[in-house]
Each structure stands twice: as structure tokens, then as C-alpha cells.
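To start, the structure itself, in C-alpha cells.
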Amino acid sequence: METCSNNWSQDFYAICLSLDIVDKFENREIILFENVKDNILRQASEQWNTNVNSKPKLRTYKTLKSSIQPELYVTCHLSRIKRSLTAQQRAGILPLNIELGRFRNIKLEDRICSLCHPNVIEDEFHFILQCPLFE
């Protein structure tokens, strides 16, 4: 531990440094599990927020999800197809015209819903809340 070089304590020191508890290591204090857990969760949450906010494609995901905690539907007993559709919708990968148009080089304003008449862009919001076909 004194050399903190090329041994387990070097690895542990790096972990303490990343968790912002290196002072505990250096002072040889007891490190409480709850403090470590809280620091890990805080860092994971910050990284998650940064990653999600840096990707414009996740527009719906950002609207529906505000924390890193798992959503209730993950623990519910949904059928496989319902679980799959829910996950696709949340991840923005449902085969809606908003997504299909990106790959077909169609202008955003021309990615309208082909199932109803109001000439509205077919995005997740329209699909879930507006399209009369899915009432």
C-alpha cells in the first residue's frame, strides 16, 4: 500500500479517485458501502444524462424518461410483443415515417402519417396520442 505501484492498492486507489473518495484511502479511513453506492449512482446518472442529451434522435426517450432508474413496464409481466413495441417506441426505432424518412432522404415535413388524413408528421407523439386509427 505504501508504494501503491503495480499492485491491488494501485487499482483500489484508482477506483477511490474515480469515486471522489481518495481522501478516505489516503487517510486509511473506513469506506462505507452506502457512500460508494451513492457516488457510483451519481456518476452513472450524470453520464447517462450527458449521453442521452447529446443524441437528438432520442427526442421521445428524453421526453418520457428523466432518470436512470428502470421504468415500471420493465418489471411488469407484459407479453413479449408488447415489451418489444414499448422498447422500440421508447428507443425511437419504431418503423414510423419520421425514422424511415431519415434513411430514405425524405424531408422532415414530408414524413407524414399515411394512415390518417390530417397530414401530420408521423412521429412517436402522433402515433401514440393523435392518430385516430389507434384510438
Add -39500 (n - 2.57) for each DSSP H run of 4 or more in the chain, then divide by its residues: what number comes out at 222 nm, to the nearest 500 deg cm²/dmol?
-14000 deg cm²/dmol
Dipole of the stretch 79-135 (Lys/Arg Cβ +1, Asp/Glu Cβ -1, origin at the Cα centre): which of 108, 92, 130 lies farthest to the positive side?
92
So I have (1) 18.0; (2) 18.9; (3) 16.4, and one of them is Kirkwood radius over Cα pairs in Å calculated from this model. Which one is it?
(2)
Expressed in nanometres to one decimal, the distance between label points 7 Å along Cα→Cβ at residue 72 and residue 38 is 2.8
Which value, in debye to the nearest 20, describes the size of the charge dipole of the stretch 79-135 about its Cα centre when Lys and Arg Cβ atoms bear +1, Asp and Glu Cβ atoms bear -1, and nothing else is charged?
340
Among 21, 41, 63, which residue has its Cα furthest toward the positive end of the charge dipole of the chain, with +1 on Lys/Arg Cβ and -1 on Asp/Glu Cβ?
63
Length added when fully stretched, residue 53-residue 81, from 0.36 nm per residue minus Cα-Cα
7.3 nm
Output the relative contact order of the stretch 79-135, whole-number percent, from Cα pairs under 8 angstrom with separation of 6+ residues.
25
Residue 107: which aspartates and glutamates have alpha carbons under 18 Å from its alpha carbon, excluding same-chain residues fewer than 8 sequence positions away?
99, 122, 123, 124
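Values in this text are rule-based calculations from the coordinates and carry no lab data. All values derive from a computational prediction rather than experimental measurement. Quick reminder, even Gly has a Cβ in these numbers, built from the backbone with ideal geometry, and neighbours come from all protein chains shown.
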